[in-house]
Amino acid sequence: MRVERDFEELYRTEDDPWGIGEADAERYGVYREMLLRHSGSRGRLLDVGCGLGAPLARCEGDFDQLVGLELSSEAIDRGARRFPGIRFVQGSADELGRSPVDGDTFDAIVYSDVIAYLDEAGKRGSLRWIADHLAKDGVALVAAWCPGGDYPTPEELERLVSRELVILDQRLLETGHQAFVARR
């Protein structure tokens, strides 16, 4: 399944389309803790589909460079004003091979709540791109809301992730979000 949304319109018409605020919900703390527990080198962190950047900003001081990849130019403009320590770049999770960060490698990549918006080929392709762009000892945090229906179930997300990455850690949160830390 693929969830359809007009992200540019969402960011133009809503202050905080996903209700993330300062990213102080418990799940963002869990994601950060999982990522830091498994990351060795902490040079560059990429957040694919970073929105306004609040979850990524929680890692300021944990990594040398924070890079946020976002489809919506409105979100990038607003996020860059709010979080000047983040390097925002425009690109699509569905076309990571054409993004401004395609030639780069990262010590950590966050891919949270994006995968449901891609078709099956896009899901596999984005996870393959992530695996190919992790530094030698790099880790990825892949997370998504997993109620089933138009969204993946926890088992479906695990199968997708394990096709391209080796899962090191996983958590199913009370909110229905499934999170994995994985390496190539």
(message) How are the alpha carbon pair distances in the stretch 1-59 distributed across 5 Å bins from zero to the largest one, expressed in percent?
(response) 4, 15, 22, 22, 17, 12, 7, 2
(message) Net charge within 10 Å of LEU134 by Cβ-Cβ distance, Lys/Arg positive one each and Asp/Glu negative one each, not counting LEU134 itself?
(response) 0
(message) Please check: in the Gaussian network model of the chain (C-alpha springs, under 10 Å), which one of ASP102, ASP113, ASP94 has the largest mean-square fluctuation.
(response) ASP102
(request) For the chain, calculate the relative contact order in percent as a whole number, restricting contacts to Cα pairs under 8 Å that are 6 or more residues apart. (result) 22 percent
(message) Net charge within 14 Å of GLY148 by Cβ-Cβ distance, Lys/Arg positive one each and Asp/Glu negative one each, not counting GLY148 itself?
(response) -3
(request) Assign unit charges at the C-beta atoms only (+1 for Lys and Arg, -1 for Asp and Glu), then state the dipole size of the stretch 1-149 relative to its Cα centre in Debye, rounded to the nearest 20. (result) 440 debye
(request) Scale the Cα Rg of the chain by the rule-of-thumb value 2.2 N^0.38 Å and send over the ratio, two decimals. (result) 0.93
(message) Can you compute 3J(HN,Hα) from phi for each residue in the stretch 113-128, using the Karplus curve 6.51 cos²θ - 1.76 cosθ + 1.60 with θ = phi - 60°, rounded to whole Hz and x for Gly and Pro?
(response) 6, 10, 4, 5, 8, 10, 6, 4, 5, x, 4, 5, x, 5, 5, 5
(request) For n ≥ 4 DSSP H runs only, could you compute -39500 (n - 2.57) per run for the chain, divide by its residues and tell me the 222 nm figure to the nearest 500? (result) -9000 deg cm²/dmol
(request) Grab the other residues whose beta carbon is less than 13 angstrom from that of ALA25, score K and R as +1, D and E as -1, and report the net. (result) -3
(request) Can you tell me the alpha carbon radius of gyration of the stretch 76-184 divided by the globular rule-of-thumb value 2.2 N^0.38 Å? (result) 1.07
(message) For the stretch 77-184, which GluC sites (Glu not before Pro) pass both filters: DSSP loop (anything but H, G, I, E, B) and at most 11 other C-beta atoms within 10 Å?
(response) GLU174
(request) Specify the inter-centroid distance of the stretch 113-175 and the stretch 28-96, based on alpha-carbon positions, in whole Å. (result) 17 Å
(message) Using Cα springs under 10 Å in a Gaussian network model of the chain, which residue among THR13, THR153, THR105 shows the largest mean-square fluctuation?
(response) THR13
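Values in this text are rule-based calculations from the coordinates and carry no lab data. Just so it is clear, the structure is predicted and the values come from calculations on it, not from any experiment. Counting neighbours? That spans all protein chains shown, and the Cβs are built from the backbone with ideal geometry, glycine included.
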